[in-house]
Each structure stands twice: as C-alpha cells, then as structure tokens.
Amino acid sequence: MNKSLPYRLPPGRVSMSQIVMPDTIRHPVSSWIPAPAPDADPGFAGMTNLRTVAAVVIMALSLFIIPVTAPAAPPVSVEILYMNHGPLLSTVRGIKELCDGYGKAVTASWYDFESPEGEKFMAKKGIRQHIPLVVWIAGKPTLKVNGKEIQFVGFPTGSGPPSFQGNWTMNDLRAALDQATGKK
C-alpha cells in the first residue's frame, strides 16, 4: 500500500466510487497523529492526553482573545443645526459639554444655521423654516426615551423665547444619548 495514500485503490482505471477507505483511519494522514493502542482508554473522543490538553488550551485562549479583538461599536452620530445667537449660546454650550462627556462613543457635527455648510445641511435634511435648534441622534430628530416620544427641536423647555421652546430638556437629551450609546 502506498504510504502517502492510506487507502486501497483497485488496479486499472479508478473512479471515486471505487476508493475503499479502511474503517481504522482516525485522521486523513494517519502518520501525523497516531491512533491510541486498542487496549488504551480512548479519552475524550479518542484523543491522547497531550491532544486533550492542547485542545483545552486552544479553546481557553480563544475565549480570552476573541473578546479583545472584537470590534468596538461605531460612534453614535449626533448632528446639531443651531443659530449662533445670544439666547441659544448657553444651550449650545451645554450640548457640547454633554457630547464631549461621551468621548469617542459620540461624534458630534455642528452646523451653523447661517453658514454655507449649514445651508447645505438644511437642504439635505429638508429644513425650510426658521428654527433655532435641531438635534439628530443617529439620523433621527425624534426618539423614544423612557417611554415617550421626544423631538429635539427648538430651545429646551424653560429656556429661550416661549414661542421657540421645544418639549425636551437636557436630561432628555442625556437619556437619549445614554440609550443610543448603550451607557447605563
């Protein structure tokens, strides 16, 4: 029998259906890993002690390596369209501080209502009216936070002119960012 082919081939022309595999083969190349002696304890699935230890070590290492190499979640996109006017500046400062507190988990993009970039951004988002502030979190200006729909438009409740006040607070924005980033 040919040592490189551990199975018997019939003479002459051979088809795949004529190849006979012996029942005793435990590995495609039996010379690589010897089979245990017939009277030996077969161990874990017929493995020798050394192979069992090697398999356990490899499985244990993979449990520690896979979580380390797993990719981190991409940052949450926060887009802010704002008017750069006095009454809104304290709110803009508060939103900047809030977003900065999330580090790399949040990527904030700022668009001044009156700048060329802001005008392009408004056209892209379909904003046509005069609005002091809109915050999009992961592309959405409205999110369900603590069981209620909140639209992050206008001044936060209790600040700025009453006609431009939205129905949200900085705590609502913090809760929405916590939810979007998975922070608890």
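The values are calculated or read from the model by the stated rules, or taken from the named source; none is laboratory data. The structure presented is a predicted model; accordingly, all values stated were derived computationally and were not measured. Note that we place each Cβ from the backbone using ideal geometry, even for glycine, and neighbour counts take in every protein chain shown.
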- Message: Just to check your reading of the model, which residue among Lys148, Lys124, Lys140, Lys120 is basic (Lys, Arg) and surrounded by 13 or more Cβ atoms within 10 Å (Cβ to Cβ)?
- Response: Lys140
- Members of the stretch 137-146 found to be under 17 Å from Ala108 (Cβ atoms) and assigned to a loop (DSSP other than H, G, I, E, B), listed by number: Ala138, Gly139, Pro141
- Which numbered condition Gly154 misses (of (1) closer than 21 Å to Pro75 by Cβ; (2) touching a Pro at 6+ places or on another chain (Cβ under 8 Å)): (1)
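One line per residue, one yes/no per condition, for (1) over 13 Å from Ile80 (Cβ atoms); (2) modelled with pLDDT under 90; (3) in contact with a strand residue (DSSP E or B) (Cβ under 7 Å, 6 or more places away or on another chain); (4) in a loop (DSSP other than H, G, I, E, B):
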{"site": "Leu98", "(1), (2), (3), (4)": "no, no, no, no"}
{"site": "Ala108", "(1), (2), (3), (4)": "no, no, yes, no"}
{"site": "Gly118", "(1), (2), (3), (4)": "no, no, yes, no"}
{"site": "Lys124", "(1), (2), (3), (4)": "yes, no, no, no"}
{"site": "Ile127", "(1), (2), (3), (4)": "no, yes, yes, yes"}
{"site": "Ile131", "(1), (2), (3), (4)": "no, yes, yes, yes"}
{"site": "Val135", "(1), (2), (3), (4)": "no, no, yes, no"}
{"site": "Glu149", "(1), (2), (3), (4)": "yes, no, yes, no"}
- Over the stretch 74-96, the set of residues assigned to a loop (DSSP other than H, G, I, E, B) and either touching a Leu at 6+ places or on another chain (Cβ under 8 Å) or at pLDDT 90 or above (or both) is Met83
